[in-house]
1. Order the peptides 101-107, 188-194 from the highest to the lowest mean number of other Cβ atoms within 10 Å of their residues.
2. Show that you can apply the helix-only estimate: for the chain, add -39,500 (n - 2.57) for every DSSP H stretch of four or more residues, divide by all residues, and state [θ] at 222 nm to the nearest 500.
3. Using only the alpha-carbon atoms, how far is helix 121-131 inclined from the longest principal axis of the chain? Give it as 0 to 90 degrees, nearest 10.
4. Could you sort 112-121, 90-99 so that the peptide with the highest average Cβ count within 10 Å comes first and the rest follow in order?
5. Note the angle between two axes, namely the Cα long axis of helix 172-181 and the longest principal axis of the Cα atoms of the chain, as a number of degrees from 0 to 90, rounded to the nearest 10.
6. Hey, what angle do you get for helix 21-32 against the long axis of the chain, alpha-carbon based, 0 to 90 degrees rounded to 10?
7. Determine, for each peptide in 16-22, 147-153, the mean count of other beta carbons within 10 angstrom over its residues, then list the peptides with the highest first.
8. Debye sum, Cα scatterers, the chain, no solvent: what log₁₀ I/I(0) at q = 0.08, 0.12, 0.13 1/Å?
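Derivation of every value follows stated rules applied to the coordinates shown; laboratory data play no part. The structure displayed is predicted, hence computed values, not measured ones. Counting neighbours? That spans all protein chains shown, and the Cβs are built from the backbone with ideal geometry, glycine included.
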């Protein structure tokens, strides 16, 4: 029996297309360092455990649970703006994950290519434009919508079946989105970082072999 060919690839952004995961860690460090090492440790642990979740949710949680401050919409937006100011230019100029540019150039027009990230959608699209990769994608989607909701909407609108799609991510949020939508998952695990995925999860150190993997495995 012949395997169904992959028609669509969904990518997380930070740590999958761009080497920007550590930039986000440093942004949380910048926001919370003034509150002391104990608070900072809790914030960084929460961020690490919830990679791929919207920064809005994480900041709201950290202020409420660790600082005892329940931010209203205006105050929350102000903190998120500070975060964006720290990260955007750095994410635009950071290196691409090895193999990313070659994959996008080779597969653009052959596969449906989509970004599904926890970064706010307007900022994400701006970053992709500034990095010169926006034209490679058939859709660029970010928060506040959840990843599984976005994937399901794209799958339905494009007529993809679950066995025709794959999600490439670096966090359990991505793994769970793939699981919830019934599509295949491949984890990108930077050799310098711990592997967060369940035993047996297919992983790659970068995107240099991705074309071969999605077509022959």
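1. 101-107, 188-194
2. Working: 9 runs with 107 residues, N = 217.
Calculated at 222 nm, the ellipticity per residue is -15500 deg cm²/dmol.
3. It is inclined by approximately 70 degrees.
4. Highest-to-lowest ranking by the protection proxy: 112-121, 90-99.
5. 50 degrees
6. On a 0 to 90 degree scale, this one is about 20.
7. 16-22, 147-153
8. Normalising to I(0) and taking log10 leaves -0.28, -0.62, -0.73.
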